[in-house]
Amino acid sequence: MSPGPKAPHRVGESNVHCILPPIMSARRSTTTPTTAQTGAKAPVKEALFSEAADHGKVRCTLCPHLCLINENDEGICKARGVRAGRLVALTYARPASIVSDEIEKKSLFHFYPGTRALSLGGHGCNVLCSGCPNWQISHASPHTETTRLPVLLPEEAVAMANKHKLAGVAFTYNEPVVWIEYVHDVAAAFKEAGLYTAIVTAAFLNEEALDYVAPVVDAFRYDLKAPENAGWARLTRVKDAEQTLGMAVRAKEVHGCHVEVASNIVPDLNDDDASLTGMARLVVDRFGPDTPWHVTRFLPEFELSYLPATPIKTLERGLELGKKAGLRFVYIGNVPGHPARDTTCPRCGRTVIRRGEPKVELFGVRQGLCAACGEDLLLVGVGE
Ligand code: SF4
């Protein structure tokens, strides 16, 4: 996943990464949870998207890996395993990270700007980026870790959000696809309560699974890793870029999700002009020129710890090439204070939203339009 706030939870430690008072400054707090039930039993959740296979094995059909899983073993993502002959969602209702975040932390700038979301992350991942900033949870084993996490049922997540005056929920830090049953149930509960829902995803899932979860997802923050298969393969376990792109496009076109795209720019791996232009063109061609594109800064992590952080000038080059490709909203991410975090009106050029740390000011916006020239700024949750 693209860098978000790093989950402090480490393999071998039992604490959940949890919000809680004082909510505005608790982003990295490991305070004992007050709502999640430490030591409680999570419901054993039979997983969706499975097929019986020969010799007592079960095939998981949730994502294109199509893992063939033996009894008491897990798939590549480690979040789904076979127990007593059934595919089980091993991480259901066991979040490893429970955090209050600004929605802008998800690289969602045109969706309820200035609000905060309950951010939930769990164990496991099916994309397995070599530079994952959240490797502590994305690579955790369900055998050693997950059962020690507190339980947070969907209705408890809603109560937690209401208690802390959060505007919605975001599934983030690890790949939400791998605990899709929980994402679905929590998102449905949030929608029922009139709160928004968002996922931060590389969209590496099969169509049936997307069609199951997308109806309860308002915002879909898509991670575009590279413009072609070779780039994806350098950075992740995904070999066919179209398998993810197609699902993200379907989320927008078939399910009407609000989509923003983020590309984490990694030195030597996807930072050349051809890669930057290629990604920008994909955003224009597949999602449309009004789609916000975030070029975010890579920081050395995990298997890519030997690389330097992305130079700012490379990100600024990405910004330039994105605009040249026809994108109307291009942002630089993971660089606090950079002026390219602000929104400028694509017609008159005035700054209309200033994203300070942590305050977001919509001083040039009226009813979702540019206050100066009336241009539609394509903001969801503003002036509706
Ligand atoms: S979701 Fe996990 S278990 Fe299922 S196919 Fe993908 S990697 Fe394998």
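The values are calculated or read from the model by the stated rules, or taken from the named source; none is laboratory data. Fair warning: this is a prediction, and the values are worked out from it, not measured in the lab. We place every Cβ from the backbone using ideal geometry, glycine too, and count neighbours over all the protein chains shown.
Listed here are the residues, each with its yes/no results for (1) assigned by TED's automatic domain parsing to the domain that holds Gly278; (2) out of contact with any strand residue (DSSP E or B) (no Cβ under 9 Å at 6 or more places or on another chain); (3) surrounded by 16 or more Cβ atoms within 10 Å (Cβ to Cβ); (4) part of a loop (DSSP other than H, G, I, E, B).
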residue: Lys313; (1), (2), (3), (4): yes, yes, no, no
residue: Gly318; (1), (2), (3), (4): yes, no, yes, no
residue: Gly326; (1), (2), (3), (4): yes, yes, no, yes
residue: Arg354; (1), (2), (3), (4): no, no, no, no
residue: Phe363; (1), (2), (3), (4): no, no, no, yes
residue: Cys373; (1), (2), (3), (4): no, yes, no, yes
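Restricting attention to the stretch 266-302, the residues that are closer than 20 Å to Gly326 by Cα and within 16 Å of the chain's Cα centre (by Cα) total 5. Of the residues making up the stretch 44-58, just one is near the ligand (Cβ under 9 Å from one of its atoms) and either loosely packed, with under 14 Cβ neighbours inside 10 Å or among the hydroxyl-bearing types (Ser, Thr, Tyr) (or both), namely Ser50. Looking only at residues in the stretch 59-74 that are among the acidic types (Asp, Glu) and in a strand (DSSP E or B), the one that is nearest to the ligand (Cβ to nearest atom) is Glu74.
Residue-level check: of (1) in contact (Cβ under 8 Å) with a residue 40 or more places away in the chain; (2) under 16 Å from Pro95 (Cα atoms); (3) touching a strand residue (DSSP E or B) at 6+ places or on another chain (Cβ under 8 Å), Ala159 misses just (3). Of all residues in the stretch 57-76, those that are closer than 15 Å to Thr244 by Cβ have Cβ atoms under 9 Å from Cβ atoms of residues that are among the basic types (Lys, Arg) and within 7 Å of the ligand (Cβ to nearest atom), 6 or more apart or on another chain, in Leu62/Arg80. Taken together, Ala214, Ala189, Ala209 contain a single residue that is under 12 Å from Met247 (Cβ atoms) and away from the ligand (no atom under 16 Å from the Cβ), which is Ala214. The set of residues from the stretch 71-96 being within 21 Å of Ala187 (Cα to Cα) and of a type outside the set (A, V, I, L, M, F, W, C) comprises Arg80, Thr91, Tyr92, Arg94, Pro95. Would you confirm, using the coordinates I've provided, whether Thr35 is at pLDDT below 95 and surrounded by fewer than 22 Cβ atoms within 10 Å (Cβ to Cβ)? So Thr35 passes the test.
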